[in-house]
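Comments concern the structure below.
The values are calculated or read from the model by the stated rules, or taken from the named source; none is laboratory data. Keep in mind that what you see is a predicted model, and the values were worked out from it rather than measured. As a convention, Cβ positions derive from the backbone with ideal geometry for all residues, glycine included, and neighbour counts pool all protein chains shown.
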Amino acid sequence: MLYFLGYEVVTNGSITYVFYLLNFTNHSSVLITVDPTTHTVLNYSTAWPISILALQLTGTPSNYVLGNNNVPAIESVEGNTIIVISYNHVLLEEVSHGQTTRLVYANFPGLANESPPDFWSLAGHVDLLPFNLLTALGILAGLQLYLVLRRVIR
Amino acid sequence: MILVRKEDVSWLSVGLAFLSVTFSFGLNLTLGRTTFLHLLYSPLLAQLLVIASALALSTRMGYYVFSLPIAFLSYLVPVEYVSLVVLLIAVSSVRALPTFAREILLAIDAFGLTYVIFALLGIRLNPLAIPMAVVQAGAPILIPVVLFAGILYGLKVRGEDVEPQSINPVLAVLLGLVITLIPMTQLNSLHVPETVDWRYYSQWWESPTMGWFFFSRPLYLLMFFPFARLLGPSIMGELQLPVLTVLLWISSYKLGEAVKPGLGPLSSFMAVVSPTLLTFLYSGLQANLFSISLMYLSLAYIIEGKVWQSVLTSYVSMFSHIYAWAQIEGGILLFCLISFLLTRKIGKPLKTYVLFTSFPFILGFSLILTGFFSVPVGFSTSNYFTQVAFLSWGTINTFLYYLIVVYGMNSTPRIMFVIYSSSILATLFLGVVQNLIIDLPLFIPASLGISKLREDVRTPLLLFLALWALFMSLNSFPYVFQGVTI
């Protein structure tokens, strides 16, 4: 089972999910973004994200709720930016410039032991090929156009 | 007799096997700029179709009965391999176009036309686009096969004279403008084209900087700089594509007329509906389009024997976008080398052209090799199929278009055949598979292929290609579908 960190990113009210699948054997990671607005799941190969791992431990002790777990954490405030880090140097929450990044799913030592959610259901489902009254009318119009085109096109 | 002619039965099995390939991989449909992969994926249906295909095949000719056990293998091995094999067997039994080709094309056209009319009114009836998508985008796995078959098919030259089909020349430029202007209308929920690149151009015109972006396309950026200052960089950035479409129309018209008098209107039509323009619609790369248009003009001048014009346009093309220029120039030089080795003589205009343009080619090529202009080198199967199938959001997979290209390949002038073959072979060594394919003057073999086709299927086919281009244009931007933006 791979270690992974799944963040919920809220930017001006719109939600996307960002998952990092960490491979410890060759120090690579796969970045998966899930966008419920466009119903897309995209993945990229990336290097280990330094911006969410290996952060400096400074600030006041606090607590972070991840699923059913309580994770002891350290919180630091700098201007408008709030950063919450776990004791093993993983980013748990970041609030800055109207964007909130929160860890919501994880399988990581010292944090939680979950299995990743179904990305496709997280992206939401839209019926791209619906069959309704309008489609039926469209098919009828298509059939009629077929008869017309047979006459019109030599 | 209810039974159709024998040739038609073999086409029936080709059609069934093709559908089986589509269902075994799933349909790739581009809607609202997002390519949705593996729609209608159904291995069971694929198995049934491949068996039906083999049955139809063995009823035609007894000795094709060996395809039946192959088809039943789909219960043991993954059906996608089996349906590919059966498709190839079925294609080998084909002799001529079937009588029902026209009816099928017209039916697909009718549904496509209904889709386009409703989409222009703001109502999306996606199921109506399925018949079009099955033929054009349903089986991208077959596109590399078709492209390489073009090299083999083009090797044998047939001396038959092709009578170009005549169409209205204004039709092509109107269609091209509609295709490139639809993304700027109210149908687009963003109200600006969603292409990736135009922002970089308008950024450069706003604050010019020296760097890789400038050095790879200096002339193009400088040429449009005054207009960008006059109109405003963002408006100029957006309007590049319609302007360049007119240029593409002119150059493809001229190249068509140079290849064969009377071919111009049809070749410009095929240029406007080609995967080339559709890919530029999705990806930007405006300097690239400018450069290849000028290179087509240069080719036309070489064929007509006007050396100085061709050298001049070649240089303008080089300074506008070095990559596209290097590809076509390399093809021309390779053609000279091959024809010199085979016949020991080169025509005078071509010799002068080579004399005046080979030095910058060697210089530019060494700059590419040294890494100043970087090019990804190396072959990987996954990269290859990603690029062919959906890198540019599905636009490159225009299966029927490539099929027509291959059909016209043996009537194409040899210089263009060498450019085609060298570029297709280069896709095995370079990582930029898609760029190599779209920069080719595919509209010449395509228009020759259309002209060679039987009369009753030509017009339905042209209508089909135009409708596909409109479908891709209508889906090149996000829109609201069932309450959500896709």
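Computed quantities for the displayed model
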quantity: Top-ranked residue of segment B:43-62 - restricted to ones that are surrounded by fewer than 20 Cβ atoms within 10 Å (Cβ to Cβ) and either in contact with a strand residue (DSSP E or B) (Cβ under 6 Å, 6 or more places away or on another chain) or within 14 Å of B:Ser24 (Cα to Cα) (or both), ranked as farthest from the other protein chains (Cβ to nearest Cβ); calculated: B:Leu48
quantity: Residue ranges of helices (runs of 4 or more DSSP H) in segment B:100-218 with at least 2 members assigned by TED's automatic domain parsing to the domain that holds B:Leu470 and either polar (S, T, N, Q) or farther than 24 Å from B:Ser274 by Cα (or both); calculated: B:198-206, B:212-215
quantity: Subset tally (residues that are in contact (Cβ under 8 Å) with a residue 24 or more places away in the chain, within 11 Å of chain A (Cβ to nearest Cβ) and of a type in the set (Phe, Trp, Tyr)) for segment B:106-150; calculated: 1
quantity: Check on B:Leu40, surrounded by fewer than 23 Cβ atoms within 10 Å (Cβ to Cβ), within 14 Å of chain A (Cβ to nearest Cβ) and not acidic (Asp, Glu); calculated: yes
quantity: Among (1) more than 14 Å from chain B (Cβ to nearest Cβ); (2) out of contact with any helix residue (DSSP H, G or I) (no Cβ under 9 Å at 6 or more places or on another chain); (3) on the phi < 0 side of the Ramachandran plot; (4) at pLDDT below 85, the one test that A:His27 misses; calculated: (3)
quantity: Options B:Ile104, B:Ile70; residue that is surrounded by fewer than 19 Cβ atoms within 10 Å (Cβ to Cβ), more than 27 Å from the chain's Cα centre (by Cα) and closer than 16 Å to B:Phe18 by Cα; calculated: B:Ile70
quantity: Residue check for B:Val170: free of Cβ contacts under 8 Å to residues at least 40 places away in the same chain, under 30 Å from B:Ala17 (Cα atoms) and of a type in the set (A, V, I, L, M, F, W, C); calculated: no
quantity: Hey, B:Val316 assigned by TED's automatic domain parsing to the domain that holds B:Lys254, touching a Cys at 6+ places or on another chain (Cβ under 9 Å) and under 27 Å from B:Gly371 (Cβ atoms) or not; calculated: no
quantity: Answer from B:Val406, B:Val375 - the residue that is part of a loop (DSSP other than H, G, I, E, B), β-branched (Val, Ile, Thr) and within 25 Å of the chain's Cα centre (by Cα); calculated: B:Val375
quantity: B:Thr35 within 30 Å of B:Ser283 (Cα to Cα) and buried (at least 23 other Cβ atoms within 10 Å of the Cβ); calculated: no
quantity: Only one of B:Leu37, B:Leu45, B:Leu29 that is under 30 Å from B:Asn126 (Cβ atoms) and touching a Leu at 6+ places or on another chain (Cβ under 6 Å); calculated: B:Leu29
quantity: Enumeration of residues in segment A:19-39 that are within 28 Å of B:Leu190 (Cα to Cα) and either free of Cβ contacts under 8 Å to residues at least 40 places away in the same chain or more than 10 Å from the chain's Cα centre (by Cα) (or both); calculated: A:Leu31, A:Thr33, A:Thr37, A:Thr38, A:His39
quantity: The lone exception for B:Thr245 - which of (1) more than 22 Å from the chain's Cα centre (by Cα); (2) surrounded by 24 or more Cβ atoms within 10 Å (Cβ to Cβ); (3) modelled with pLDDT of 85 or more it fails; calculated: (1)
